[in-house]
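A short worksheet on the structure shown next.
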Amino acid sequence: MEIIQSTANKTIKNLVKLHQKKYRDIENKYLIEGEHLIQEAKEAGVLKAVYSLSSYDVGVKNVLCSQEVLNKLSQQNSNAKLIGVCKKDETPTFPCDHILILNDIQDPGNLGTLLRSSYSFGFQKVILSENCVDLYNSKVIQSSQGALFHLQIQKRNIEQWIQEAKEENYTVYATALHDHSKYLNEICFQKKTALILGNEGCGLPLSLIEQCHECIKIEMAAFESLNVSIAGSICMYKAFIQQDQTE
């Protein structure tokens, strides 16, 4: 089997372009790294090829490369061993009682962590605003630990989506420090729950808060607020536990 030795190889140069969002959008592809993510992508049916130092059979095209080439494809600091090429597929649709809505999340690590928590705590559908960080940013993928492969994820106008959710009998909860906020411990999450989280710096705009049924704040011994991924994970865990106790 031929081994790609040069970073000037045309295929490699085209794959490196996928580090940029505009080329991910044009090619409808993105890169992943590491055995765990490759196995998760394979299970989800989005893995199309693997570039590796040695033979690696997961039922898709396998291309052998030098360490220099793999490091060129990688966006991490350590020597890469496995790089996967995935196709952006439309996520399957299925009924979900618990939905996470993210408005203008900017930090890739926060988005990835929220996706991981969403999958862990049964929020199987995630709605992203148009101004959220790119879902296929390498840091989002890495910090999600593959959760994005298993969730229904859509980009939508959030105000419009909230109205649709209400028509489908979802109770919509905002997380914000507001005059009418209730402590998380006082909240009884409904069977059909939509939880909305806001931007790291600005939080949720008042226009969105006013559309929600209830507003949540978290009891704390110190500080007024938490990092959005921590706050969101705590709220999702609470909803998950309540649902588990009522079933």
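At-a-glance table
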{"item": "Subset of segment 79-98 (residues that are touching a residue at least 24 places away in the same chain (Cβ under 8 Å) and outside any strand (DSSP E or B))", "result": "Ala80, Lys81, Lys88, Asp89, Thr91, Pro92, Thr93, Phe94, Cys96, Asp97"}
{"item": "Complete set of residues in segment 19-38 that are in contact with a Lys or Arg (Cβ under 6 Å, 6 or more places away or on another chain) and free of Cβ contacts under 8 Å to residues at least 24 places away in the same chain", "result": "Tyr23"}
{"item": "Given (1) over 15 Å from the mean Cα position of the chain (by Cα); (2) farther than 27 Å from Glu219 by Cβ; (3) not β-branched (Val, Ile, Thr), index of the condition His150 fails", "result": "(1)"}
{"item": "Residue list for segment 175-202, filter: small (Gly, Ala, Ser) and over 30 Å from Lys88 (Cα atoms)", "result": "Ala176, Ser181"}
{"item": "Single unsatisfied condition, Gln76 versus (1) part of a helix (DSSP H, G or I); (2) outside the structural domain of Gln154 (by TED's automatic domain parsing); (3) within 26 Å of Ser233 (Cβ to Cβ)", "result": "(1)"}
{"item": "Residue match in segment 128-139 (condition: surrounded by fewer than 21 Cβ atoms within 10 Å (Cβ to Cβ), under 13 Å from the mean Cα position of the chain (by Cα) and acidic (Asp, Glu))", "result": "yes"}
{"item": "Residue under evaluation Thr7, criteria (1) assigned to a strand (DSSP E or B); (2) surrounded by fewer than 17 Cβ atoms within 10 Å (Cβ to Cβ), criterion not met", "result": "(1)"}
{"item": "Single match in Leu64, Leu82, Leu70, Leu53 (criterion: outside the structural domain of Cys212 (by TED's automatic domain parsing), over 19 Å from Lys125 (Cβ atoms), touching an Asp or Glu at 6+ places or on another chain (Cβ under 7 Å) and not β-branched (Val, Ile, Thr))", "result": "Leu82"}
{"item": "Residue list for segment 40-73, filter: touching a residue at least 60 places away in the same chain (Cβ under 8 Å), assigned to a helix (DSSP H, G or I) and farther than 17 Å from Asn14 by Cα", "result": "Glu40, Ala41, Glu43, Ala44"}
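The values are calculated or read from the model by the stated rules, or taken from the named source; none is laboratory data. Just so you know, these numbers come straight off a predicted model, no measurement behind them. Heads up, the Cβs are rebuilt from the backbone with ideal geometry, glycines too, and the neighbour counts pull from every protein chain shown.
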